[in-house]
1. Holding the Cα-Cα limit at 26 Å, pick out from A:Lys412/B:Lys156; A:Lys63/B:Lys143; A:Lys361/B:Lys143; A:Lys673/B:Lys53 the pairs that are longer than that.
2. From other protein chains only, count the Cβ atoms within 10 Å of every residue's Cβ in B:100-107, then give the mean.
3. Please report the buried accessible area for the interface of B with A, total over both chains, probe 1.4 Å, in Å² to the nearest 100.
4. Could you do me a favour and compute the accessible area per residue for chain A, 1.4 Å probe, result in Å²?
5. When the accessible area of region B:9-200 is computed with all protein chains present and a 1.4 Å probe, what percentage of it is carbon and sulfur?
6. Which number gives the lysine pairs in region A:700-778 that have C-alpha atoms under 19 Å apart and are eight or more places apart or on different chains?
7. Enumerate by residue number the GluC sites (Glu not before Pro) in region A:459-528 meeting two conditions: DSSP loop (anything except H, G, I, E, B), and at most 16 other Cβ atoms within 10 Å of the site's Cβ.
8. Would you mind getting the accessible area per residue of region B:9-200, heavy atoms of the protein chains only, 1.4 Å probe, in Å²?
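The values are calculated or read from the model by the stated rules, or taken from the named source; none is laboratory data. Computed from a predicted structure; not experimentally measured. For neighbour counting, all protein chains shown are included, and Cβ atoms are generated from backbone atoms with ideal geometry for every residue, glycine included. Just the protein is used for accessible areas: all its heavy atoms, side chains included, with ligands, DNA and RNA removed. Shrake-Rupley method; radii C 1.70, N 1.55, O 1.52, S 1.80 Å.
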Amino acid sequence: MLRLGEKVIVFDGGFGSELERLGLRGVPEELNITAAEEIKSIHRSYSCADIATANTFGLNPIKYHGSFSLCELAQKAVENAKASGNPVFFDVGPSGAMLEPIGTLTFEQAYDAFKEVAEISRDIADGYIVETFSDLYELKACILALKENSSLPIFATMTFDSSGRTLTGSTPEIAANTLAGLGVNALGVNCSLGPRELLPIVERLVNATDLPVIVQPNRGLPVMENGKTVYKLSADEFVENIEKMLDMGVSIIGGCCGTTPEFIERISEFSGREVRKHAFAPRTLVNSANSICEIDGVKICGERLNPTGKKALKEALINDDLDYLVDVAVRQQEAGADILDVNAGLPQIDEKTVLPKIIKKLQEYCDLPLQLDSSNAEAVEAAARVYNGIPLINSVNGEREVMDKVFPIAKKYGAVVLGLAMDKNGVPKTARERCEIAERIIAAAAEYGIPRHRIMIDTLVVTASAEQMLVRQTLDALEMVRKLGVKTALGVSNVSFGLPNRPLLNRTFLSLAMERGLNMPIMDPLDGEMTGAVRAFELLTGIDENAENYIDIYKDFTPSSQQTLKTAKENKSAATLYDCVKQGLKAHAAQLTEEELKTREPMEVVSDVLIKALDDVGRLYESGKLFLPQLISSAEAAKTAFAVVSQHMPQDSEQKGKVVLATVHGDVHDIGKNIVKVVIESYGWTVIDLGKDVPPERVVEAVRKHQPFAVGLSALMTTTVPSMEATVKALRADGCKAKIFVGGAVLNAETAEAIGADCYTKDALSMAKKLDELATEK
Amino acid sequence: MNFSETVDTAALRPQIYNYLGFHGVGQSEQTDVLIDECIRELEKTARFRYLYKSFDSPPEFLNKEPYTEFLRGASGVIISAMTLGVEVDRRSKLLFRTDMPRAVVFDACASAYLEHLSDEYEKTIGDDLSFRFCPGYGGSSVKDLKYIFDILRPEKIGMALNSSDFMLPSKSMAGIIAVGKKTVKSCKNCIMYGSCSYIKEGSTCYGSVKR
């Protein structure tokens, strides 16, 4: 019986190199049937290990398209591996396709593929070795699929390069926190590098988890000899470095590329050795795929993605304008937030559908860990599922039924949970009572297997105008709750509700709360006074060592510079709106437009200033005196100006129409389409941007819904022109009346006509002009 | 890898201007600065990976035109794949959201940077290599990329081929290199010959000669 985490366990070694040595060519997984005896002999040569790995690395429905069924290959592979006489772990490698947003495979498709892997293996194998993953998101889909569709133990490893990151940018700490959160039985690293080069990564992994750590290094760094990959590290050196890893506290060892039975034979001497225990300090951690945040000291949680009291965000949520949310997220990130709160709680919205959609969109652009903020447990679960990392869940309270709904979700996805120190009777008056509720929450979490370090408590801010004497109770409660060994949070700005000069009260209260043990103020990071108070606190309490961060932020500070900090990058200025657009100075466009509007009618500003400037820029561009970056800068400045003008337009005034844009199905190049978008928007058109890789039916659906004046389709390569043609046909079949524009590197007027489009334009500017021309004819 | 991933921006600039559509005119100080900044950013963001295998005789999929012509007289062939990694795509995507002009320049810089690093890397493989001939160009089918992926399995350097035969991440390339035969990239067999905007403007694309 293997004693995981107590005694050292040895896995077998490289399979590919053995296949090569035996001269076996072809799809490795098919060799389980076509060369069963040879495969068995390799397994036998590894019988010195404790666990055999089935020859199933590429066996998933996305990667394997051969003539055998996945099921028969799986069965033969496990049967062959049993020749070793050892328990057999089913080898699960990456799908071979790249997940969204870089690739086109969806999280759900990846899940389905790995679910199929679980179904063909769960009754025949003894466990899973999930290995060589470099994308955390794909690994999450895999682990969820295996856990939900089998009960076998899962060992999961990722590959890191010498910079200490996976190919998609995850660090060992991020991998460890996510995998532990998802409930694997062992985690670690395989392939990547040789054992010596892996030492620093292994050390980081061991320090980042209390789970058993597994390491399967390559046989050193490969060298190229006559174009062939050769591994040259000696078995002695391999063993020596493996021993160093065991000294660090590694539990499971094995080999990857280039290792042979000789290497495994040598390290099998460690089998059964006592696993060295190492100190592990649990910490409160949340992470995205690229950044990890320890809730310690003070961490700012950005509150601006919560629609309460925010009209523009409400409208964006109702109109499904996720671009607006991305902009808000990116601005908060740039302003210094550490975590972002995401809330889609509006009566008009089905949170269960919308929240995960928002999460998927935000994580494409924003590196910060996210806080899933909803009282709808189903929405929280749907969002936690698609979140690429370990989220913070906001929130539970002391009510049993709320905790019974949320804690299973937090346990399953490894989330940190924010508990509100209140129950069905409301917010208790005293700090003592609030702390008692916190204790109840911590105890209930423990029943679900959620440790204390995955709980945070919000001791709840009351408004000073209504309950002045209770403000102090909130602060006292912070101190008491911290003694329970959990981190704390507060929605700071509630304190000033109903009082004049709210910023003053907010930042004073924030300073008091930080001093009493507040770890995570939920606040507006764009408020320079509030983030400033946090930075000052960090300096004054020694969190910001040598004041480095503070000095970096405020080195150029003068009292009057504070308001203009955001535009400091723009050292140029323009005297008039015309110059501003012509020079592409977006930062000044809004203010100069407001000034123009003081003396002119909105339509005059459009026709006499904006259109004129754009036309002049266009002429310069066409004559080769201005170039793409400048054209785009001007377009962006004009777009900003149009947004200001449109607020001054009478509601019923005639506007230019809508244009639906899409990069066609199968094509993932959207740079050209993005340029078209900004340029035609600058000419006053409203753009519905469907993104890239858009199937014909989605274009048809959008055209039906928005009834645009025109549709613009983009394709970059010859292989996607048929897809463009299919889209045009689908639109025609649906009776689309809009003008269909096509463009892209391989298009020309002839092709455009051949595939049934109305117009071909060679670049963004020509499209803007052609649109205007057609609109005038109309 | 014994070559540097830090580059002399000035050397790359003409090519970057070319990609931006400047075609040899209209260089500006403002754009120069932007190019410099983007290259420095790429040096931090990019994770250049190069994978190759060499063969004494060409793998089967190369036994057809235009490859046979390209490889005639070569003593061997190298199949290669290379990428700047997904973080460049991520960065580019964010820039398109926050700073469009910079995004456009960043994209052009990334293309030139990948070409440059690949050229430099190939110098460490040998000094008698041709340019990289990529399926999809010169009258060859982009579908042949599939064979290159089967041979190299560049998934391990983070590359993938989607259903329309696009390589991912977007700053990725694949190449067929003739060994022992100095060949020059030329326009005459290019798929874009006849409609190429570079030629119309009097220049050529990366490293090509007009023949």
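1. Details: A:Lys412/B:Lys156 30 Å; A:Lys63/B:Lys143 17 Å; A:Lys361/B:Lys143 31 Å; A:Lys673/B:Lys53 37 Å.
Cα-Cα > 26 Å for A:Lys412/B:Lys156; A:Lys361/B:Lys143; A:Lys673/B:Lys53; rest within.
2. Numbers: counts 14, 13, 3, 5, 9, 4, 0, 1.
That works out to 6 on average.
3. On the way: alone 11200 and 34290 Å², together 41500 Å².
Protein heavy atoms only, the B-A interface buries about 4000 Å².
4. On the way: 32350 Å² over 778 residues.
Heavy-atom accessible area per residue stands at 42 Å².
5. Details: 3890 of 7800 Å².
With neighbouring chains kept in place, the figure for region B:9-200 is 50 percent.
6. 14
7. Values: sites: A:Glu467, A:Glu479, A:Glu515; in loops: A:Glu467.
The qualifying sites are A:Glu467.
8. Working: 7800 Å² over 192 residues.
Value for region B:9-200: 41 Å² per residue.
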